[in-house]
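Shown below is the structure under consideration.
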Amino acid sequence: MDNQLFRNAMGRFATGITVVTTEYKGEIHGMTVNAFMSVSLDPKLIAISIDEQATMYDKLQETKKFGLSILTEQQKDLSMIFAKQKEADQEIEYEFQDSNPVLKDSLATLSCTVQDMAKAGDHLIFIAEVSEVKVNSGDPILYYGGQYRETK
């Protein structure tokens, strides 16, 4: 099967959009991630999948902790900035949650510590325990068929 066909099929699954952030050598680094899922309630575990070509791949293996921000419809520009689809044209506002940077005004934020990693093809799946959660009101931004979508 061809790679484009597989990619098109995977694009038929609507996802929310998250930004994963970590502090590495005194600087905050982040990337847009839609490969995110809840894994367990007890203990509270989530998983993210990071491509081995991504700059966060090595950073997360070293820091073993990260913040995860679930984006609102109003944060599309932040998604594009962290996906390197556009240059930063605004100051990015962070807050710290259990010593992890998260994006201010997100729909929800999680502070996570990596518990396990599993190599899966050209990705590494990070399984992380959630130590703190903050939830805000708003509507999520969605990604479907290679495009951003709104819930309304």
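What follows draws every value from the coordinates through simple rules; no lab data is involved. Treat the numbers as computed from the prediction; the structure is a model and nothing was measured. Neighbour counts are summed over all protein chains in view; Cβ atoms, including those assigned to glycine, are modelled from backbone coordinates with ideal geometry.
Under 17 Å from the 7 Å Cα→Cβ point of residue 6, by amide nitrogen: which residues of segment 18-48?
35
First measure r as the distance between the Cβ atoms of residue 151 and residue 28, then evaluate 1/(1 + (r/R0)^6) with R0 = 30 Å and state the FRET efficiency to the nearest 0.05.
E between residue 151 and residue 28, to the nearest 0.05, is 0.60.
Same structure again: What dipole magnitude, in Debye to the nearest 20, does the chain give about its Cα centre under +1 on Lys/Arg Cβ and -1 on Asp/Glu Cβ?
The dipole magnitude comes to about 380 debye.
Would you mind ranking 80, 56, 10, 1 by Cβ crowding within 10 Å, fewest neighbours first?
Fewest-to-most ranking of 80, 56, 10, 1: 1, 10, 80, 56.
Between segment 1-76 and segment 80-152, what's the alpha-carbon centroid distance in Å?
When both Cα centres are located, 7 Å separates them.
Would you order 141, 17, 125 from fewest to most other beta-carbon atoms within 10 Å of each residue's own beta-carbon?
125, 141, 17
Let me ask something additional. Using the scaling law 2.2 N^0.38 Å as the reference, what is the normalised Cα Rg of segment 3-145?
Taking N as the residue count of segment 3-145, the ratio is 1.00.
I would also like to ask the following. Cross-link partners among lysines for residue 119, C-alpha distance below 29 Å, same-chain residues fewer than 8 apart left out?
Partners found: 25, 44, 59, 64, 65, 84.
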